[in-house]
Amino acid sequence: MLDVTDLSVSYGAIRAVRSISFTLGKGELVSLLGANGAGKSSTIKCIAGALKASGGTITLEGKDITAASPRTGRARGPCHRAGNPRRLPGPDGRRKP
């Protein structure tokens, strides 16, 4: 289970995410929707450890991973992969043109 409580992410004086909270159960698949600049990518990057939270907590399976680096405490949990989805392999294992 993933618990995000009052998560905030800032870029200097600009607050990209303000006190977002949600819980994801094991096996759940969800979408994070919002307008451009709403903080979707910042939220995911923070959960994955690519960005530092300016407030709040992130708990994975009962363990606080808020300050863990992607290489240590988050290695078995969430990750963020930026890229072009058309370049990912399809169901047949082949890359799309």
Candidate set: the stretch 25-75, residues that are modelled with pLDDT of 85 or more and of a type in the set (D, E, K, R); chosen: the one surrounded by the most Cβ atoms within 10 Å (Cβ to Cβ): LYS45
Some residue of the stretch 19-38 being touching a Gly at 6+ places or on another chain (Cβ under 9 Å) and assigned to a helix (DSSP H, G or I): no
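The values are calculated or read from the model by the stated rules, or taken from the named source; none is laboratory data. Just so it is clear, the model here is predicted, and its values are computed rather than measured. Methodologically, a virtual Cβ is constructed for each residue, glycine included, from the backbone with ideal geometry; neighbour enumeration extends over all protein chains shown.
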